[in-house]
Every structure is written in C-alpha cells, then in structure tokens.
C-alpha cells in the first residue's frame, strides 16, 4: 500500500518529538545557531574545573537537541524513503550532525591535553563534575591513544557524511530502487515479490512457490553484484583507513574497542561456536526428517516444522500475546508497554518506500519508537516482542539516567530484545495443549538459536574474512565475495543441506555488514538472554530485580560489567557452551513430540 492508505492508528505518532515540520525547522535552526557559542567555549574548557563542567554540560545538552532533530528526520525518512519532504529533512539533519561534529571535534582533543592527574584533581575539586560527568570523562580518556590533533580530527569530522555514503546508498538502493518482479503464489496468482514479503513466500507450504521466490530474488541481486561489491568494499575501505589513521591495529580492533572487547575474544567466540557445529547439523537432520524431504534445499529450511497451517495473527492478537508473556516481569513493565502501544509507539504495516525489517528507534528525549513490517506471521509476533524489548530497555534507561548516560552500548542492546523473544515462546508453549502448536513453538525456538547464534556467527566470520582479505591487498570483487560466502555456507551446513548456487549472493542482502562487526552481538544477546530467562523462570531470588537493575544502567558501566549486574559473565566460554546445550535440549524435546 501507499503510505496514505495506512490507517493512522497503525502508524507511529511523532508529535511528541515535534508537532510538525515547522517546529522541527525551528529546533534545527536553534541548534545550528548554538554551534558558534559552543565552539567559543572549547579553547578555555580545561582552564578550571568549572569551565570543564560548563563546557561538558553544553556538549551534552546540544548533542541531545541535535539527536532529537535527527530522530524525527530519520523516522520520517524510514516510513517512506520515496517522500521528497522526508528526504530533505534527512539531508538537513545529516548536515547538522556534520556541522556539530566539526564544532565538537576540539572537545576531545582539548580534554586530552590534561594529564590523568589533572583530570582527577578537577573531579575532586568540583563535586558536581564528578557526580554528573565523572564516568563520561574517564571513558573518553580511554581514547587518548586513538585521538588525533585538533586539525586532523576536524578534517575527519568534515568527512562524516562522505564516510557514510556506502551505507546510505545501500539503504536507498535496496529500499527504493531494487525491484524483484513477480512470482506465482499458491493460488497461481501473479504477485509482486519484495524484500519484505520474501520471508512469507519462503515459508509457503508449496515448494514451487518457495523455489520460485528464492531463485527470483537472488537472480536480481546477482544482476547487481558488481554494485553491491563496490558498496561493501567501500565500507570496508572506510573502516580500514579510519582504523589505521586512529592507530588501531585493524578495523576489527577499532570496532570492538568501545565495548571493551578484544579481537582475541571475538575469535574465541567464533571458534567456540564452530566447535559445536555438530548440534547444528543435528538440527538440519531433524528438519529434513520432519518435513519428509529426500533433499533439504536452502529454500526449504525456513519452512515451519508443524503439520497444521501456520497460524495467522492480527496485530491486536500479537500485542495481546506479547503483553501476556511479559507478565513474568511484573505490573510496571506490562503497564508501561501497554501504554506505549496505546500511545502509538509502533508503525505497524509495510508500505511503498518503507525501509525493510524492523527496528526500535528514538533518542533520550523521545518515545522509544518501533518500526515493523507486520504481516501476521508467527515471526512477526516474535519481532514485536523483540523490538518491544529494545524499547523497554530504552524506556527504563532514559527514565532513570541523565542525558549523558541515557543510552547503552550495542553490545548489550540485543539482550533485552532476545529475553522478550524467549519469554514469549515459553509462555505460548506452556499455554497450549495442542501438540502441533507446541511443535510450531519449539520449531520457532530452534530456528531462533540456529539463526541468532550460528547464522550470526557465520556472518561474523564472513566479515572477519573479507576484512582480512582487504587488509592483505585483495580486490573485493563480486566473484571473490560470492566464493568466500559460499565456502562458509559449505562449512555451516556440513553437507546436511543442498547448497543451491544462489546462496552465494546472500551477503548482498545483509544490511548489518555496513555496521562494522555488529552481527556477533546478536549471538551475545541470545547467550546472555538464555541465562537471564532461565534465572527468572526458575524463580531464583533476586533474578528479576537484577535484570531490572541492568535495564536501568545505561552507560554508567562498560558492557561486560553491565551484563555481570544481570548475572552473566561473558568472558567465560562456558556461557556459550550452555546456550548450545539449551539448543540441543530443545531438539530432544521436539523429538519427544514426534
């Protein structure tokens, strides 16, 4: 549908951010006008503890104002990338961020002219500086070896928008310009294939429909292989050069540094999961047996392992399911989430030009909005639970912490979302006596572990490999990238699934490769979430309270220490072993139903 055909109650309400575009323009102009005054504060910011306090307070306030401006533009753009007004807002917001980045560049370089002893002296001299900004200032000092001169930092800041060109172009191309033609559905009717409804057709009980969707989609991606290779190579080159300029050993090291994670830990995670591929192969053997197929093809692996017709949900039914499952967290959580749904946090249905997939967005001074492309599938209900977990994490953080700490690391971001997915699945499993529905729910849990741990770690290994090839001077052509991706698929499917040649192009449709070593954090999320859910469901004393403490932390602790508050120590490989064991136990439980 076109955007104007969607019922307004099924769209998000952005008026709490700005009443209209005129109010947005006023706020943008105000923030822009504040930049020169802020820049004038920077040269003298280290002259005294009070000067450092005033400048840091201005930095935090102005940053929040600009994030609000960007949030509105981004959400408007995401709802319809073909809307010219939204594209203009997005362009203006990005320009403002570039100007702010340029103006704020001297903050870090000037701050780091202080010695650690001078900083500690200032923090002791002015208690308000310690109380409000002590954590922030000490964290910024970690970056001293990777911070350049003021002139060099300003030059890098000026290229902020340029360095995001690969990601921006990829998003626009895939959301607005890429067309996949048509296929015939189960009724023999001609339907348009899109990147959004592709997942639905890949779950069709008609194998011809699944095969047709799979082959049609990847034929189009393959047609643009050189374009996607150029975009991805550009993204890697940007990450590689930026890391080198900032004195990191690699783009991987640079990407992991903010989360207090090392390349060795990253490699250990991949090695640990690849050491358990036998359980994944067992899962594929089970799926082949359940589906009754002589050969399991890649276009078969997303087919549900239940005998009945897949249940279809209305959006309201999905909301009710999620709220019922979340009762395990108590009244405060449920009442807040219910009110958020009523206040139109969620943009529900797909429309022409809307970005694909789903996300939870917003900033410290806005509601935690949710973008969906809801089509009534089981997975859509899980997606609502997942994104609601993100949004509730944002809500508890933002209502607890001041602006400077009202965010959280991406490293921990996927934990609350995955907690919600698990809680939903176990709730539904325990509230039905229908064995076929139990099989469907168990099948979803198995798919979750397969996709979130094994598939994301395969993606992580692909990123590691492509970056290593680039570092070694290899030209990342479409042919080379397809070859590397296909080889990884051979490893992760282990001969249990027929590797249709089209899968070599799948890397072209993974937007997370433009986020620089993000995907492994999904595996972190499910591993940590499994432990948290087990503690809460078992009624372990203090487990729920510890989880809420974690949700409220924001950036007051580093990611590894934050998870320890929730009772999870991610530095131990045993945590991953435990998650794989849970996957194995779910396979046992499914086989018992057979």
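Is there a residue being in a helix (DSSP H, G or I), crowded, with 18+ Cβ neighbours inside 10 Å, outside the structural domain of residue 82 (by TED's automatic domain parsing) and touching a residue at least 60 places away in the same chain (Cβ under 8 Å) anywhere in the range 356-378? Yes, the conditions are met somewhere in the range 356-378.
Test residue 334 against the criterion of being outside the structural domain of residue 420 (by TED's automatic domain parsing), in contact (Cβ under 8 Å) with a residue 40 or more places away in the chain, outside any loop (DSSP other than H, G, I, E, B) and within 30 Å of residue 368 (Cα to Cα), and give yes or no. It is false that residue 334 is outside the structural domain of residue 420 (by TED's automatic domain parsing), in contact (Cβ under 8 Å) with a residue 40 or more places away in the chain, outside any loop (DSSP other than H, G, I, E, B) and within 30 Å of residue 368 (Cα to Cα).
Determine, yes or no, whether residue 346 is buried (at least 20 other Cβ atoms within 10 Å of the Cβ), in contact with a strand residue (DSSP E or B) (Cβ under 7 Å, 6 or more places away or on another chain), at pLDDT 95 or above and closer than 25 Å to residue 15 by Cβ. Spell out how you get there, then give the answer.
Details: buried (at least 20 other Cβ atoms within 10 Å of the Cβ): yes; in contact with a strand residue (DSSP E or B) (Cβ under 7 Å, 6 or more places away or on another chain): yes; at pLDDT 95 or above: yes; closer than 25 Å to residue 15 by Cβ: yes.
Yes, satisfied.
Looking at the structure I just gave you, is residue 286 farther than 30 Å from residue 575 by Cβ and either assigned to a loop (DSSP other than H, G, I, E, B) or more than 25 Å from the chain's Cα centre (by Cα) (or both)? Spelling it out, it is not the case that residue 286 is farther than 30 Å from residue 575 by Cβ and either assigned to a loop (DSSP other than H, G, I, E, B) or more than 25 Å from the chain's Cα centre (by Cα) (or both). The residues listed here are 202, 155, 178, 148; of these, the one that is surrounded by 15 or more Cβ atoms within 10 Å (Cβ to Cβ) and assigned by TED's automatic domain parsing to the domain that holds residue 83 is 148.
Residues checked against (1) surrounded by 18 or more Cβ atoms within 10 Å (Cβ to Cβ); (2) modelled with pLDDT under 95; (3) in the same structural domain as residue 522 (by TED's automatic domain parsing):
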| site | (1), (2), (3) |
| --- | --- |
| 271 | no, yes, yes |
| 275 | no, yes, yes |
| 290 | yes, yes, yes |
| 317 | no, no, no |
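With respect to (1) buried (at least 18 other Cβ atoms within 10 Å of the Cβ); (2) outside any helix (DSSP H, G or I), the lone exception for residue 569 is condition (1). Is it fair to say residue 110 is surrounded by fewer than 19 Cβ atoms within 10 Å (Cβ to Cβ), closer than 27 Å to residue 153 by Cα and at pLDDT below 95? Yes; evaluated as a whole, the condition is true for this residue. Given the conditions (1) surrounded by fewer than 19 Cβ atoms within 10 Å (Cβ to Cβ); (2) within 26 Å of residue 558 (Cα to Cα); (3) touching a helix residue (DSSP H, G or I) at 6+ places or on another chain (Cβ under 7 Å); (4) not assigned by TED's automatic domain parsing to the domain that holds residue 493, report the number of the one that residue 244 does not fulfil. Of the numbered conditions (1) surrounded by fewer than 19 Cβ atoms within 10 Å (Cβ to Cβ); (2) within 26 Å of residue 558 (Cα to Cα); (3) touching a helix residue (DSSP H, G or I) at 6+ places or on another chain (Cβ under 7 Å); (4) not assigned by TED's automatic domain parsing to the domain that holds residue 493, the odd one out for residue 244 is (3).
Only helices (runs of 4 or more DSSP H) whose full extent lies in the range 37-137 are considered here, and the ones with at least 1 residues that are within 31 Å of the chain's Cα centre (by Cα) are 49-79, 84-111.
Please determine whether any residue of the range 424-440 is under 24 Å from the mean Cα position of the chain (by Cα), buried (at least 21 other Cβ atoms within 10 Å of the Cβ) and over 30 Å from residue 64 (Cα atoms). Yes, the range 424-440 has at least one match. Checking each residue in the range 395-421 for being part of a helix (DSSP H, G or I) and farther than 20 Å from residue 524 by Cβ picks out 395, 398, 399, 400, 403, 404, 405. For the range 319-330, check the following and say yes or no: at least one residue is assigned by TED's automatic domain parsing to the domain that holds residue 547, in a loop (DSSP other than H, G, I, E, B) and either loosely packed, with under 14 Cβ neighbours inside 10 Å or in contact with a strand residue (DSSP E or B) (Cβ under 9 Å, 6 or more places away or on another chain) (or both). No.
For the range 209-227, indicate whether the set of residues that are over 25 Å from the mean Cα position of the chain (by Cα) and not in a helix (DSSP H, G or I) is non-empty. If you could, list the steps in order and put the result at the bottom.
To start, the set of residues in the range 209-227 that are over 25 Å from the mean Cα position of the chain (by Cα) comprises 209-213, 215-216, 219-220, 222-224, 226.
So of that shortlist, the ones also not in a helix (DSSP H, G or I) come out as 224.
Yes, the range 209-227 has at least one match.
The values are calculated or read from the model by the stated rules, or taken from the named source; none is laboratory data. On a predicted model such as this, the values are computed, not experimentally measured, just so you know. All Cβ positions, glycine included, derive from the backbone under ideal geometry; neighbour counts span all protein chains shown.
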